[in-house]
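Accompanying notes for the structure given below.
The values are calculated or read from the model by the stated rules, or taken from the named source; none is laboratory data. None of the values given here were measured: they were computed from a predicted structure. Note: ideal-geometry Cβ built from the backbone for every residue, glycine included; neighbour counts use all protein chains shown. Ligands, DNA and RNA are excluded from the accessible area calculation, which covers all protein heavy atoms including side chains. Shrake-Rupley method; radii C 1.70, N 1.55, O 1.52, S 1.80 Å.
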Amino acid sequence: MNPQGALIYLLDFAFSAYIFIVLTRFVLQLARADFYNPISQFVLKATNPLLKPIRRIVPGYGGLDVASLVLVVILIITKALVIVGIQVGGFPSGIGGQLVLYTLRELASVLLNYVFWAVFIRVILSWVAPDPYSPVVRIIVQITEPIMAPVRKMLPPMGGFDLSPLFVLLGIQLLKILFQLH
């Protein structure tokens with residue numbers, strides 16, 4: 001039996017899930033997604049309790065929801081500190097520099113994984129021809145279109161095939177390899 005491992009697993013899952021939801025709020029605003037979509041409403045209600053106090057201190061900048069990104073960074077740091085605290089039984093000295101590097105790498109990794117899975121889900125959805133008015137389909141399209149449209153414009157016509165998701169997914173994997181992100 002490994003109760004410490006189980007606790008770390010549950011905490012990692014809880015933090016990761018909430019980081020995903022907060023990042024979704026940032027991406028929805030960045031993509032100018034439909035505010036009245038039920039998924040958008042869920043994300044807003046789930047993130048408001050922690051975001052409202054941060055918004056008083058951190059204003060938006062140029063249409064970006066900076067407070068959401070700040071909350072993501074705070075959550076990544078808190079997650080790292082809680083897990084290290086449980087594993088080691090305290091905080092090692094000199095953790096500051098390592099924590100900054102970990103946070104930057106984790107933020108980049110989370111952003112790239114988010115985009116990867118959004119594009120991948122859009123590809124899978126295109127194979128099953130779902131209802132275009134489904135809230136999930138509309139949100140996925142609104143999130144991925146700003147990334148895929150520029151790639152689509154650079155590609156020559158392919159006889160009805162859209163290869164832009166392939167190039168976006170390959171580009172994300174290349175970035176992860178270049179920057180050694182997990």
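Along Cα→Cβ, 7 Å out, is where each label goes; now give me the distance between the ones at Leu178 and Leu163 in nm to one decimal.
So the two model labels end up 2.0 nm from each other.
For the modelled label position 7 Å from the Cα of Ile39 along Cα-to-Cβ, which residues of region 114-137 have backbone nitrogen atoms closer than 11 Å?
Zone members listed by number: 118-119, 121-122, 125, 134-137.
Select from Leu107, Phe26, Pro3 the residue farthest towards the positive end of the dipole of the chain; place +1 on Cβ of Lys and Arg, -1 on Cβ of Asp and Glu, and compute about the Cα centre.
The residue sitting most towards the positive pole is Phe26.
Between Ser93 and Ile8, what FRET efficiency comes out of the Förster formula 1/(1 + (r/R0)^6) with R0 = 22 Å and r the beta carbon distance, rounded to 0.05?
The computed FRET efficiency comes out at 0.50.
Among 127-134, 42-49, how do they line up from the highest to the lowest mean number of other beta-carbon atoms within 10 Å?
Numbers: 127-134: 8.6, 42-49: 14.6.
So the peptides 127-134, 42-49, ranked by packing, come out 42-49, 127-134.
Aspartates and glutamates near Lys52 by alpha-carbon distance under 14 Å, same-chain residues fewer than 8 away left out - which ones?
Lys52 reaches Asp65.
Given points 7 Å out from each Cα along the Cα-Cβ axis, report the Val58 to Ile86 separation in nanometres with one decimal.
Here the modelled spin labels are 2.4 nm apart.
In the Gaussian network model of the chain, springs joining C-alpha atoms below 10 Å, which of Val119, Val88, Val72 carries the largest mean-square fluctuation?
Between Val119, Val88, Val72, it is Val88 that shows the largest mean-square fluctuation.
What aspartates and glutamates does Lys79 reach when the alpha-carbon gap must be under 12 Å and sequence neighbours fewer than 8 apart in one chain are set aside?
Reachable aspartates and glutamates: Asp12, Glu106.
For the chain, taking Cα atoms only, what is the radius of gyration to one decimal and the Dmax to the nearest whole Å?
18.6, 60
Counting only protein chains, not ligands or nucleic acids, how are Tyr114, Tyr18 ordered by accessible area (probe 1.4 Å), most first?
Per-residue accessible area, sorted high to low, gives Tyr18, Tyr114.
For Tyr102 and Val137, FRET efficiency with R0 = 41 Å and r from the beta-carbon atoms, rounded to 0.05? The partial results should precede the final answer.
Details: r = 35 Å, r/R0 = 0.86.
Using R0 = 41 Å, I get an efficiency of 0.70.
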